[in-house]
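Before any comments, here is the structure.
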Amino acid sequence: MKILIEISTAQYDRLLSVVPVESPVYSILKNGVVVDRSKASLERKTVDILCMVDQARALHATAKELCPEAAPEIEDGLVNPRPFEP
């Protein structure tokens, strides 16, 4: 099953900067799409990452190790998955 992981652009950038390019997690991150969820009074952009549950787990494990501040947002996507429906 594919799920959507939503992560703030700041956490995404931090995580991407510490994951080695040759890591499989790097390619998962690079497939993320920036989404503008801004409202009239609040600018808010996030990155949606469509991935398999096992890839999301690998992403979470990597975040816990290399960028712990990004891990809670990824964990939220695992605990409360948003299934992808094309």
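The values are calculated or read from the model by the stated rules, or taken from the named source; none is laboratory data. Because the structure is a prediction, the values reported are computed rather than measured. Ideal geometry is used to build each Cβ from the backbone, glycine not excepted, and the neighbour counts take in all protein chains shown. The protein model used for the area step is the full one, side chains on, heavy atoms only, and it has no ligands, DNA or RNA in it. Shrake-Rupley method; radii C 1.70, N 1.55, O 1.52, S 1.80 Å.
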*Say we look at region 32-48 and pick out the residues that are free of Cβ contacts under 8 Å to residues at least 40 places away in the same chain and surrounded by 13 or more Cβ atoms within 10 Å (Cβ to Cβ); which of these is farthest from A70 (Cα to Cα)?*
V35
*Please state which one of L59, L78 is surrounded by fewer than 19 Cβ atoms within 10 Å (Cβ to Cβ) and either part of a loop (DSSP other than H, G, I, E, B) or not polar (S, T, N, Q) (or both).*
L78
*Specify which of the listed residues (V34, V47) is of a type outside the set (K, R), under 10 Å from the mean Cα position of the chain (by Cα) and part of a strand (DSSP E or B).*
V47
*Can you name the residue in region 8-17 that is within 14 Å of K64 (Cα to Cα) and among the hydrophobic types (A, V, I, L, M, F, W, C) and, of all such residues, is most open to solvent (accessible area, probe 1.4 Å)?*
L16
